[in-house]
Protein chains: 2
Amino acid sequence: MHRFDWRAYFAQHLHADLLAAFIVSVLLIPQSLAYALLAGLPPEVGLYASLLPLLGYALLGSSPLLAVGPVAVLALMIAQGTAGLPPDVTPSQAALVLATESGLILALAAVLHLDALASLMSVPVLVGFETGATLSIALSQLPVLVGSPAKGAVLGSLVESALADGGAWQGASAAYGLAACALLVAARRWLKGTLARLAPLLVLLAAMVLSRVLHGQTAHLSLVGELPRLTPTLALPPLDMALWWQLLPVAALIALMTYVTSLVVGESLAHRRGDKVVARHELRGLAAANLLAGVSGGMPVAGSFGRSVLLEDAGSRTRVSGALVAGFMALAMALLAEALAWLPKSVLAATIMVAVLSGLKLQPYRRAWDYARSEALLMITVTLLVVFVGVTPALGLGVAGSIALLLKRTATPHVAHIGRVPGTEHYRNVERHQVECRPGVLGLRIDESLVFTNARGLADVVQGHLRSDIAQHGQIHRVVLLMSPVNAIDFSGLEALRELHALLASQRVRLDLSEVKGPVLDRLRAGDFQRWFKGELFLSHHQAMDGA
Amino acid sequence: MHRFDWRAYFAQHLHADLLAAFIVSVLLIPQSLAYALLAGLPPEVGLYASLLPLLGYALLGSSPLLAVGPVAVLALMIAQGTAGLPPDVTPSQAALVLATESGLILALAAVLHLDALASLMSVPVLVGFETGATLSIALSQLPVLVGSPAKGAVLGSLVESALADGGAWQGASAAYGLAACALLVAARRWLKGTLARLAPLLVLLAAMVLSRVLHGQTAHLSLVGELPRLTPTLALPPLDMALWWQLLPVAALIALMTYVTSLVVGESLAHRRGDKVVARHELRGLAAANLLAGVSGGMPVAGSFGRSVLLEDAGSRTRVSGALVAGFMALAMALLAEALAWLPKSVLAATIMVAVLSGLKLQPYRRAWDYARSEALLMITVTLLVVFVGVTPALGLGVAGSIALLLKRTATPHVAHIGRVPGTEHYRNVERHQVECRPGVLGLRIDESLVFTNARGLADVVQGHLRSDIAQHGQIHRVVLLMSPVNAIDFSGLEALRELHALLASQRVRLDLSEVKGPVLDRLRAGDFQRWFKGELFLSHHQAMDGA
C-alpha cells in the first residue's frame, strides 16, 4: 500500500468527503436506531455499530463509496437468529457474538482467498432474498407504525402475535408514523438536492419537538426512551462456547450476506466510475468492521445500498468519508442523546419502511419469467421462503437450487449434427440451416464441456446419431467431433472419450477431433491421451471434413 | 413391450442361456453365502436374495447381461448401516427393511424420471469408492480367513477388536482358508474354459468333503453350520416406523449405489455388443428385485460386475438366463443344504477375497494423477474415507467435492484475446498463435457458458483486457465477443451481459457478439435482450471483425 498523502488530501478531497459524510450521517442517525430496534436490540446498539466499525472499514476496506453500518437485511437475520436463545443470554450479547463470529469468518475467508464464494449467490437467489427480506421487514414494522405490541420475524408468528393482542393499536403512534411516512415519501418524490437529503433529519427533529411539547411521557405513544449514557468502551464479547457454537450457522450466513451484498453494492457503484473493487480487500475491510462492532457494543454491519448511493451521489472521493461519518455520528450522539428519548418509535418504523420499500423492485421477476422459467420459479420460491419460513432455509435452498439447475444444464447438452454452409468454411446445425454433408463422414458438435454430469451419456448420444445417419445415408467410416464448444474435459469426460474411441474402433469407425481449444489440448497431452488416441486433431473443422 | 416368442426362444436361445446360467450359479452359491456373512447376516439370507429378486429383474429389467444378486459393496454398506441399531432389531430384519426401502426409492426414481441422478457420480468418486470398499472388504475377511473372532466394518474398529482378542486365530481355519485362496488364484491364472469356471464349485465341494471326513464337529474350525430349512416364504418386512426412518439415509445410499454400479456394469457390457441400456428400465428392474428381496427373506441386491462378465463371456442371450440362475440356485439349495453346513467359513472368506481383490485396479489413480491432480486427490480422499471412516461420509463428501470442482471450473473461465490467423478466417489466442489484430477493435473469447458462478466477474475481465489493449494500441471503439464457446446463458449471465453492455456504452465502446449458438440466441430473443442490445450479431467472427 502506498503512503496516504494527507497534504494533497486536505487540498483536494476533504471538502467533498466532508459534505458526503454529513449527508450520509443525516440518514444514518434514524436508520441506526431503527435497525437496532428491528433486530430486537436496544437502540443505542445501532449507534455504537455506526462508530468504530466505520473506522475499521475506512482503514482496511477498498471502496470509497461503500457506506458501512447497520443494514435492514442483517437486522432481520439477527432478529430471526437470536429468537431461540436461552433466557440468560440477552439479545445484545448475542449480537456481539454474531458480529465477532462473522468478523472472524470474513477474516478467515480473506486469509484463505475464499473471495470466490460470492459466486455461489446467483441473481435469482439474491433478488429473491432481498425482496423477501424487504417484505418481511416492512411487515414487521407495520405494528410498530401503528403502535401495536405485535411482534414476529416471519409472517406466521407476526400474525399470531397480532391476533393474540386482538389487533390493539395506539392512535397517537399511528398518527406520528403515518405522517412521517407521508412526509418522507413526499420528500423523495418532490424535493431535490440538499433539502431532499435533509428531509429525514428534519422529520426526525420535528417529531421529537412535537412529542416533547404535545405529549410529555404518556402511555399512548411509544417513545425511544432515555438512552443510557453513550460512552463507547472496548470489551470482549461474552466467551460462552455453547452460545458461539449455537450462533455459528447464523453467523456464517450473516458473513456471506455481508460480503455478497457489500460486494454487489461496491461493484455496481465502482463500475459507474470506471473503477473496480478488490474482493479480498472488501473481505478484509468488512472483517475489521465486524470485529470492531463485536468489541464496542455494536451489531453486525455491512455496506448499505441506500446510503452508498447517497455517498456516491454526494461526491465522496476517498474512504476517509467513512471515518468522517463516524465523527459526525459521535457528534450527533453527544448533541442529540437527550432529545432522542422523545422520538416516537413509529417515526423510526416509518424511516425503515420508506427506506426498504423504496428499494423494492418487481421488474426482475418479470424479466426472469420471460427469460428462464425455472430460474424465475427459484426466485419466487426463495422470496416466499424468506417471508413464510425464514432466512436460513431460504438461502440454503436457493444456493442448492442454483447449483442443481447448473448441473442439470451440463447434464443434458444440446448436440447438433453439423454440415457445411455452402461456399464457406462454416459448419452449422443441419436442422437449422441449409448445409451440405459429406457422405461417409459424420460431423457432430456437442455444446458443453465434457464433465462428469454428461460423460456417461456421451457414447449413447454419438451412437444414436451414428445409427440414424447410417439408416439415412449408408455406411460411415469417420466421426469428427467439433470441439470448439468444449471448454474443459474432466477425468470422467476423458474416460468417456476413451470409451467412445474404443467403441467406434470396434465398429471400424475412426474418431477425429477438430478445433480443440489450447487449454484443453494442453491438459490432454499431460495425460495418456496421445497413447490411445489413433485419430487426427485438426485446427479447423473444415480441414477435418475436407481432408482424409 | 412386444410379446415374448417362447417358441423361437426354445429353438434359438435356450441352450446358450442355460449354459451361462449354470456357470454363474456355480459362482453365486459361495458368493451369496459369503456376502450374507460379510453383511453380518445369517448365510441363508444370501441364498434367499438369489431366488425371487433374479426373477423380478428378469421380468422388468432391460439388460440380458446383468447378473443381479448379493454383491460385496452392498454387503459392506449393510454391515456399516446396521451397526448402531437397537438390540431388539435383528440384522435380518434390518436387511429386509433396507431392501424394501431401497426398492421403493428405486421405484420412485423410475416414476419421477430421476434416472439422471446417476450423473452425480463422477469417475473419481466411483473409482475411489470401489477401491476403498474392496480394501475394507478384504480387511474385514482377513480375520475370518485365519479363524479369528475379530470384527469391524471400518479399519479402526477391526484393529481394536483384533487387539482385544490378543490376535487369536485357528490353525485349521487358516489352513483351509489359505489353501482355498491359493487354489482359486491358481485356477484364475492357469486354468481356462469350463474347468476355470467350475473351480470355485470344486474348491467348495472339496472343502466340505474334507472338513466332514477329517474333523467332524470341532471347536478348532468355524463352519457355516446347519442352515434352517430353506423354505422361501413371502412375508412383509417389519413395519416399525422408527426403524424405517433410521435406516432411510442408508437405504437411499444403497439405492444410489445399486443403480449407479448396475448401470455402469450394464452399459459397459452392452457397449461391447453394440447395444444400449435404458436407464429407466434398469431402475424398474432393480426396484422389482429389491422389493422381492424385502418380502422373501433376502437382502439388498444389485448387478455384480464379476458375475455379469461371466454371463456375457458364457454367451447369455436374454434376461431369461437370470431366471434360470434362480432355478439352479433353488436346485442347489435342495441338493446342498445339508452339505453346506460342513463348509468352513474361512473358505467362504477366501472366495470373497479372491473375488474382490481380482477387481482391484490402481491404474486409474496414476492416470487421474497425470491428467488432473485435483480429481486424483478427490479419488484418494474418497478411498481413504471409505477405509477409515465409512461409506456414507465418503460418498457424501465425494459427490460434494465433484460438484465443487465443477463449480470452480465454471467460476474461473479461460479468457483469450483473439486475432486473425493471417490469410484465413480463423481467429486464435494472440498469446498462442501468430495472429493479426485490427486497430480499434478488441476481439475476446470467453471459454465458458455465462452462468452465475462467473457472471459477476464478466465486466471486470472485459474491462481488464480493454484497459491493457488501450494502453498498448490506443483507443478502442468496439468489443466483439466470440460466443461459440458460450453454450448457455443463465439469468445471472444475462444480467451481467446487460451490465457490461451499459458499462461499455458509457465509455463509448460498442459491444458486438459473433457466432452466438442457435439455442442461446433463441433464449435471448425470448427475453428483453433485443430491447436493450444496441450492438450487432454476426454469424461469423470474421464478418464481425471485417465489417463496421
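The values are calculated or read from the model by the stated rules, or taken from the named source; none is laboratory data. If you're wondering where the values come from, they're calculated on a predicted model, not measured in any experiment. Using ideal geometry, Cβ is built from the backbone for each residue, glycine included, and neighbour counts are taken over all protein chains shown. When the accessible area is computed, the model is the full protein with side chains, heavy atoms only, and any ligands, DNA or RNA have been set aside. Shrake-Rupley method; radii C 1.70, N 1.55, O 1.52, S 1.80 Å.
Things to note:
- Filter result for A:Leu239 (surrounded by 11 or more Cβ atoms within 10 Å (Cβ to Cβ) and either among the acidic types (Asp, Glu) or under 35 Å from the mean Cα position of the chain (by Cα) (or both)): no
- Region A:443-480: number of residues that are open to solvent by less than 60 Å² (accessible area, probe 1.4 Å), away from chain B (no Cβ under 14 Å) and either within 30 Å of B:Arg409 (Cα to Cα) or part of a helix (DSSP H, G or I) (or both): 5
- Region B:313-325, residues that are open to solvent by 10 Å² or more (accessible area, probe 1.4 Å) and either at pLDDT 85 or above or touching a His at 6+ places or on another chain (Cβ under 6 Å) (or both): B:Arg317, B:Thr318, B:Arg319, B:Val320, B:Gly322, B:Ala323, B:Leu324
- Selection from region A:246-279 of residues that are among the aliphatic types (A, V, I, L, M), open to solvent by 40 Å² or more (accessible area, probe 1.4 Å) and within 23 Å of A:Thr131 (Cβ to Cβ): A:Ala252, A:Leu256, A:Val264
- Those residues of region B:169-199 which are small (Gly, Ala, Ser) and touching a His at 6+ places or on another chain (Cβ under 8 Å), in sequence order: B:Gly171, B:Ala172, B:Ser173
- Residue match in region B:198-206 (condition: touching a Phe, Trp or Tyr at 6+ places or on another chain (Cβ under 6 Å), modelled with pLDDT of 80 or more and aliphatic (A, V, I, L, M)): no
- Listed by first and then second residue, the pairs with beta-carbon distance under 6 Å, at least 6 apart or on different chains, first residue in region A:497-523 and more than 9 Å from every other protein chain (Cβ to nearest Cβ) and at negative phi, second of a type in the set (Phe, Trp, Tyr) and surrounded by 17 or more Cβ atoms within 10 Å (Cβ to Cβ), are A:Ser514/A:Phe538.
- Flag if A:Leu33 is outside any loop (DSSP other than H, G, I, E, B) and either at positive phi or more than 20 Å from the chain's Cα centre (by Cα) (or both): yes
- Number of the condition not met by A:Pro485 [criteria: (1) within 12 Å of another protein chain (Cβ to nearest Cβ); (2) more than 30 Å from B:Asn454 (Cα to Cα); (3) not hydrophobic (A, V, I, L, M, F, W, C)]: (2)
- Helices (runs of 4 or more DSSP H) completely within region A:300-364 that count 2 or more residues being closer than 30 Å to A:Arg273 by Cα, touching a Lys or Arg at 6+ places or on another chain (Cβ under 8 Å) and of a type outside the set (Val, Ile, Thr): A:305-313
- If you go through region A:416-441 and keep only what is over 30 Å from B:Lys408 (Cβ atoms) and surrounded by 22 or more Cβ atoms within 10 Å (Cβ to Cβ), you end up with A:Ile418, A:Tyr427.
- Of all the listed residues (B:Ser119, B:Ser62), the sole one being within 14 Å of chain A (Cβ to nearest Cβ), within 30 Å of B:Gly401 (Cα to Cα) and of a type in the set (S, T, N, Q) is B:Ser119.
- Breaking point among (1) under 28 Å from B:Ala180 (Cα atoms); (2) assigned to a helix (DSSP H, G or I), for B:Glu282: (1)
- B:Leu494 satisfies every condition listed in (1) closer than 21 Å to A:Lys276 by Cα; (2) open to solvent by 10 Å² or more (accessible area, probe 1.4 Å); (3) at the interface with chain A (Cβ under 8 Å from one of its Cβ atoms) except (2).
- If you go through region A:498-519 and keep only what is over 17 Å from A:Asp460 (Cβ atoms), open to solvent by 10 Å² or more (accessible area, probe 1.4 Å) and not small (Gly, Ala, Ser), you end up with A:Arg508, A:Arg510, A:Glu515, A:Val516, A:Lys517, A:Pro519.
- Residue within region A:386-403 that is in contact with a Gly (Cβ under 7 Å, 6 or more places away or on another chain), crowded, with 16+ Cβ neighbours inside 10 Å, at the interface with chain B (Cβ under 8 Å from one of its Cβ atoms) and more than 30 Å from B:Glu375 (Cα to Cα) present: no
- Against the list (1) touching a Lys or Arg at 6+ places or on another chain (Cβ under 8 Å); (2) farther than 25 Å from B:Leu450 by Cα; (3) within 14 Å of chain B (Cβ to nearest Cβ), the condition A:Val415 fails is (2).
- Top-ranked residue of region B:421-442 - restricted to ones that are over 45 Å from the mean Cα position of the chain (by Cα) and not in a loop (DSSP other than H, G, I, E, B), ranked as farthest from the other protein chains (Cβ to nearest Cβ): B:Val441
- Pairs, first within 15 Å of A:Ile489 (Cα to Cα) in region B:398-415, second among the charged types (D, E, K, R), C-beta under 6 Å, six or more apart: B:Thr410/B:Glu448; B:Pro413/B:Asp447; B:Pro413/B:Glu448; B:His414/B:Asp447
- B:Arg367 meets the conditions (1) open to solvent by less than 50 Å² (accessible area, probe 1.4 Å); (2) farther than 28 Å from B:Ala172 by Cα; (3) more than 14 Å from chain A (Cβ to nearest Cβ) in every case but one. The failed one is (3).
- Options A:Ala179, A:Ala172; residue that is in contact with a Leu (Cβ under 6 Å, 6 or more places away or on another chain) and either more than 15 Å from A:Phe388 (Cβ to Cβ) or not in a helix (DSSP H, G or I) (or both): A:Ala172
- Sole exception among (1) over 21 Å from the mean Cα position of the chain (by Cα); (2) in contact (Cβ under 8 Å) with a residue 60 or more places away in the chain for A:Leu362, by number: (1)
- Out of B:Leu139, B:Leu155, B:Leu106, one residue alone is modelled with pLDDT under 85 and either away from chain A (no Cβ under 14 Å) or over 26 Å from B:Leu405 (Cβ atoms) (or both). It is B:Leu155.
- Lone qualifier among B:Ala175, B:Ala162 - being modelled with pLDDT of 85 or more and open to solvent by 30 Å² or more (accessible area, probe 1.4 Å): B:Ala175
- The criterion of being open to solvent by 50 Å² or more (accessible area, probe 1.4 Å) and polar (S, T, N, Q) holds for A:Gln93.
- Among the residues listed as B:Glu101, B:Glu130, B:Glu160, the single one being more than 25 Å from B:Arg284 (Cα to Cα), out of contact with any Phe, Trp or Tyr (no Cβ under 6 Å at 6 or more places or on another chain) and assigned to a helix (DSSP H, G or I): B:Glu160
- Region A:59-80 - residue that is open to solvent by 20 Å² or more (accessible area, probe 1.4 Å) and part of a helix (DSSP H, G or I) and, of those, farthest from A:Val389 (Cα to Cα): A:Leu59
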